[in-house]
Each structure stands twice: as C-alpha cells, then as structure tokens.
Amino acid sequence: MCGIVGYIGKRDCADVLMDGLEKLEYRGYDSAGIAVFENNLIKTVKTRGKLACMKEKLETEGKPQGFCGIGHTRWATHGEPSDINSHPHSNGRVTIVHNGIIENYAELKTFLKEKGYAFISQTDSEVVACLLDYYYSERNPLRAITEVVKELRGSFALGILFKDFPDRVYAVRKASPLIVGVGDSEYFIASDIPAFLKYTKNYVLLEDDEIVCMEENGASFFDVHGLEIKKTVQTAEWDVEQAQKQGFPHFMLKEIHEQPKVVEKTLKSIVKNGVPDFSEIGFTDEFMRGINRIFVVACGTAMHAGIIARYAIENLARVPVTVETASEFRYMNPIVDKNDLVILVSQSGETADTKAGLELAKEMGAKTLAVVNVKYSAIARAADMCINTLAGPEIAVASTKAYTVQIAVLYLIAFRLAFARGKINEDELKKLTADIEKAPDAIAAILKKEDECKFIASKLVNVEKLFFIGRGFDYALSLEGSLKLKEITYIHSEAYAAGELKHGTISLIEDGNPVITLATQEDVLPKTISNMEEVKARGATIIAITRKETQFAENTVDMRFDIDNLLPDALTPLATVCALQLIAYYTSVLRGIDPDKPRNLAKSVTTE
Ligand code: F6R
C-alpha cells in the first residue's frame, strides 16, 4: 500500500528519491517523507499530504544534500495521516521506511516500553525502528536486522539507515514487494520497478526474509541467518515511457487509450496458429480435461473479470465456475480439492487476500493458475502456472487496461477449455479466436466516441446516486462500470442484475435518478428492455449502452451510446467497458476530482 524507495550513488539523493516517490504515489498519497545522509548526519523531511506538499516543504526548508537515503509515500493503516505519523521513523540510531503491517506491534511496543523506549507516533512502523535499535550492538547492522526479522509478524518491506554507516542503505522484505535496482555504481530499492526505471532496467528480486546491503561500490545479499547469498540480476521489459503520462492529463486516460494496443499484445502472446495455446506453461488440453471445477479468486476489478470468466467458461466449456472474493475465500473453509483449478486474477500480483487465497488453494491440493500483470510479483511466482497479461505498468489507482487484458485472457482460456473438453471443434475454436482478435478495433471504435462519453458524464456531474443494470455479460460488466464510477467520482452507485432490481432496490428509484442500462445481449434484450421500462415508469433517467440497431419504444431512453457491431455478443464487454471507463473518468474530472488518486484508496492492497 505504501511506496518505499532508497538510493546510494553519485546523484543528488533527494532528487532521485522524490522522482521515485512520484512513480510510486499510486501506492499511497496521504503523506510522504525522505531521510538523507547530509555530512554524515541523517536529515529527515516529512509531511502530511500528497507529494506536492512534500515538494513545497523541501523548497521552504531546503533539500537535504547527500548521496544516500530512503523515502516513503504513505497509505495510512495505523494512525491518521499526520506529520508525526509520516515516514521515515527514527529513534536516533536507526531510521526506517516501512510498507506493510506489523501484526504484533502492540506486544513489541509494550516490550520496548519496558526497556525504556518512548514512542511519538501511532504507527506500527516506529516499533520496527526501536526494535532495530534494541538489537543493534557492536556496530553490526546485519545482526540487528536478522534478529528483528525473526520477531516481526505480518508483512514488511523496510528501507533502513544506520547512523553509524552513512554510506549504506539496508533493506529487507517479507510478504511485501521490494526490488533492488542495479545501476552503474549506484543502487536503488523500490516497491515497484517504475521508481528507478529512468536510471536502470536491471534489477534483483528479493525473496521473503532476504536482506540487501547497498554501498556505492556494490550490493550484497544475505539470508535470514546473515549468510551471504548470490542473486541473479534480471532486466525489466517495461520502459520509461510506459510509466509516464505522455501528454495525457491523467494516467487513467492514457491507460484507457492504451487498451487497443495492450489487448492486441496480450492476445498475440497466447494465440499461436490461429488458436489459443497455453501448453508452454503446462496448461495443456490433457490437464484441462481433468479439471472438475474452477474457482476464480480475486479482489475488486480483478474479481469482476472473474465474473465475466464465469459466464464465458460455463457457457462454452460447461465447467462449473465459482467466483469468490479473495478476502472471503481465505476464511470460508472452501470445499476445494486436487481436481479443481483455482485461478488467481490480479493486476499487481501482490494483493494480500488473493495471495492468501493462492496459498490456501495450494494447501488444499488444487492446481493454481495466476493471471497477473506484474511478472515478478509474489502471486506470479508462487502459482503453479502463470499467464502474464501485457498491460504494462498501470499507474492510475482505478484499474482499466489491466481489467481488459484480464478478460481477454480469460476468454481465451474459455475457448481452449471448450475445445479441450470437446464442446467445440477446431473450426469453431479458430472462429472464436478470430472474433476476439477484432477486439482492438472494437475498442478503438469506442475510444473515437470519447466526446459522447464526455457528454453523458456532463449529465452525471451533479447526481447523488445512480444504478447500473444489465443481464448476462452485461450484468457482469455493470458491476465493473459501477465500481469504476463510484471509486473515482464518489457518487453512490450500485449495479444490479436487471431482473433483480424489482426485488427491493427499485424503491430507491426517484424522479431523475440515472440508470445506466447495458443492453448489448441479444438473447436477453426484450427482458432487459422490460426492466428498463420498469424503472423509467418510476421516473428514472435512462442512459442506454447498446448496439446501433437496438430499437426502444419512444421516450424510454434519455441518452444512448451505441456500440459498433464488431464483436459477437459474448465478447462485447471487451469494448463496452471502455465506454464505462470514459464515462467514469470524465465524471470524475468534471467533479474536480483527481481520477488518478481518489480519496482513501491506494493501488496494490497488501493489507488484509
Ligand atoms: C479498482 C481496483 C481494485 C483492484 C483490486 C485488486 O479499480 O483497481 O479493485 O482491482 O484492489 O487488485 P489487483 O488486481 O492488483 O489484485
């Protein structure tokens, strides 16, 4: 949830840290801070508020001058956003930045108080700084870190400065991401690669409990016992431009516009000789034939992608699919066994609940398949099989392109499963694959109608609540459209299966309430239209997202957005979602909200 960075080298450290934090601000933005060795003393500047506040503070207070330091951008968990609760935290000899949650911080705090330590913040992180100090003796930082790692429960990625070593940055992680950037006589730590991509594409992945000590002339790695280990340097496939706005006013809009390209790239990475082929990762036809049931376990938008998958897989391949919110799945004592496939869908690959769902599924003997956007993430590495979606870095908090590539991959899985299990023949498989290959054009056609979405948004700016309704794939997509809208506009929105509204929720419909009706599925169209008319009769303003040729009775629809006929019904969510994303985006902007950083949220939810 928080973002951490660290640097040692010849550059102006404060600049490098601030640059890195800017790239990580999507992980949290309620406060920020840096600590840099200046003339062998640690100088810390931190403040409540977005990074812009931090920049102002550095201008007024003066930027620490030095070449070695750590930085943090926070999403508050323990203690409100305030100057005092901001990181870095220090107790004099040790200064740290922390991402994660220390579950046993209360008992450690009691212990440390008994030993004479005093605390000024409400955070769990300050406890780590004190505990490191407690174990620090004989000028041996490594021993202090290994002792502390053994004591901490929960998740952590720590960047650590020891006052006695002004030429070193230490770092360690457990269940929170941390990557070491390897430059030319300069080293970086970061929660995510874009933070140092500008300086180097080479990186080392730290595993749980591994420690790095970075000095200007080298980085050394150690295990939890303090024994030196060898690590492999890898090269990132992402480049700097992908992590920049490239002239768009917001990352979200840029990411919406990237969808034709990233969907095409993702499809191409899987389609071989005109059909989806997953054999490279061991997801073979034989394996597919042996599956009894499928579970899709994920959170938020990724879970909504799972609901699309359910409709696609059950319809085509006739394999029962259960979609579970990861935070429920992990504690519900699910009935899962070795004949089941559990698919974990995640953009970041770090979501704590999804990761726990993966571990549980493995314990229960099921095979696991990750559909993940971040190749080096924990979920990607821990699953039995992994399909890497190729959306590139997604910086805006609200997920857009990651969802679209997730559903593209899940459709391809549905096609291949149906073929492997004899529900469709090779010609039908080829036809479905050719159909989905039209998705980039279908998405591009929607993006051309951006102004129409903006117009619809202009009618939503002042509403207090709205509803999305749809049936089948349209219902699955309504859930995502509604989430997108509410998270970045703060308008209360609910998504309902169109036929379900009248079982209670319709009582909320008042004169003028917008109801966004997704009506793209021919097989249920008359039913959807009837449901639409029911709410219209109760005063709703109807915004229909539909196909060009759909006819409605006079005066039923107040506004309509037409989807071109480029995709068969079952695949329309790939295109329709882009209209919903644009409507949410423009409503947010017109309401004066920063859609990239909506309140209370952060990307990559590494807490339960
Ligand atoms: C909403 C959104 C979240 C994420 C969810 C899971 O726009 O982005 O709902 O989808 O937090 O995150 P990942 O996909 O990283 O596991």
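For region 496-591, the set of trypsin sites (Lys or Arg not before Pro) satisfying both a DSSP loop assignment and a count of at most 10 other C-beta atoms within 10 Å is given as Lys548.
Note on Ile281 and Asn600: with the Förster distance fixed at 41 Å, the Cβ-Cβ geometry gives a FRET efficiency of about 0.65. The gain in end-to-end length when the Tyr490 to Leu41 segment is fully stretched comes to 157.2 nm, 0.36 nm per residue minus the alpha carbon separation.
On a 1.4 Å probe surface of the protein chains, which of Met303, Met364, Met1 comes out largest in accessible area, and what is the full order?
So the residues, ranked largest to smallest area, are Met364, Met303, Met1.
Relative to the longest principal axis of the Cα atoms of the chain, the long axis of helix 473-489 lies at roughly 40 degrees.
Given a Förster radius of 30 Å and the C-beta distance between Thr60 and Ala118 as r, what FRET efficiency does 1/(1 + (r/R0)^6) yield to the nearest 0.05? Before the final figure, lay out the partial values.
Details: r = 29 Å, r/R0 = 0.96.
Working from the Cβ atoms, E equals 0.55.
Dipole magnitude for region 310-432: about 320 debye, using +1 per Lys or Arg Cβ and -1 per Asp or Glu Cβ, origin at the Cα centre. Report the local net charge at Ala366: Lys and Arg +1, Asp and Glu -1, summed over other residues whose C-beta lies under 13 Å from its C-beta. Cβ neighbours under 13 Å give a net charge of -2.
How long is the gain from Ala537 to Asn462 if the chain were fully straight, where each residue apart is worth 0.36 nm and the alpha carbon distance is subtracted? Can you show the working numbers first?
Details: separation 75, 0.36 × 75 = 27.00 nm, distance 2.21 nm.
Using 0.36 nm per residue and subtracting the Cα-Cα distance, I get 24.8 nm.
Partners of Lys113 within straight-line reach, counting lysines whose Cα lies under 27 Å from its Cα and excluding those fewer than 8 residues away in the same chain: Lys43, Lys46, Lys150, Lys163, Lys174.
For chymotrypsin sites (Phe, Trp or Tyr not before Pro), no site in region 176-284 is both called loop by DSSP and has at most 10 other Cβ atoms within 10 Å. Here region 272-357 carries DSSP beta bridges of which approximately 10% are antiparallel, counting only pairs with both residues inside. Using C-alpha pairs under 8 Å with a sequence gap of at least 6, the mean separation divided by the residue count of region 252-437 gives a relative contact order of 29 percent. Within the shell of other residues whose beta carbon sits under 15 angstrom from the beta carbon of Leu341, the net charge comes to +2, with Lys and Arg scored +1 and Asp and Glu -1.
First check a/c for the chain, with a ≥ b ≥ c the square roots of the eigenvalues of its C-alpha gyration tensor; if it is under 1.5, answer rounded, and if not, answer prolate when a/b is larger than b/c or oblate otherwise. Prolate, because a/c is 1.5 or more and a/b exceeds b/c.
Mind checking the full-extension length gain between Phe455 and Ser137? Use 0.36 nm per residue of separation minus the Cα-Cα distance, one decimal, nm.
Numbers: separation 318, 0.36 × 318 = 114.48 nm, distance 6.52 nm.
Gain on stretching Phe455 to Ser137: 108.0 nm.
Antiparallel DSSP bridges in the chain: what percent, to the nearest 5?
Working: 61 of 102 bridges.
That works out to approximately 60 percent antiparallel.
Each label point was placed 7 Å from the Cα along the Cα-to-Cβ direction; for His503 and Glu151 their separation is 5.4 nm. Among the protein heavy atoms, those of Asp223 account for about 40 Å² of accessible surface (1.4 Å probe, every chain in place).
For His78 and Asp208, what does the FRET efficiency come to when R0 = 30 Å and r is the distance between their Cβ atoms, rounded to the nearest 0.05?
On the way: r = 22 Å, r/R0 = 0.73.
Using R0 = 30 Å, I get an efficiency of 0.85.
Sparsely packed loop sites in region 460-561 (the GluC sites (Glu not before Pro) outside DSSP H, G, I, E and B with at most 10 other Cβ atoms within 10 Å) comprise Glu464, Glu549, Glu554.
The distance between label points at Cys53 and Lys431 comes to 6.0 nm (points 7 Å beyond Cα on the Cα→Cβ vector).
Taking K and R as +1 and D and E as -1, what net charge do the other residues with C-beta under 14 Å from the C-beta of Val172 add up to? My count for the surroundings of Val172 gives -1.
The values are calculated or read from the model by the stated rules, or taken from the named source; none is laboratory data. Everything numeric here is computed off the predicted structure, so don't read it as measured data. Please note: Cβ atoms are built from the backbone with ideal geometry, for glycine as well, and neighbour counts cover all protein chains shown. For accessibility, only protein heavy atoms count, side chains too; no ligands or nucleic acids. Shrake-Rupley method; radii C 1.70, N 1.55, O 1.52, S 1.80 Å.
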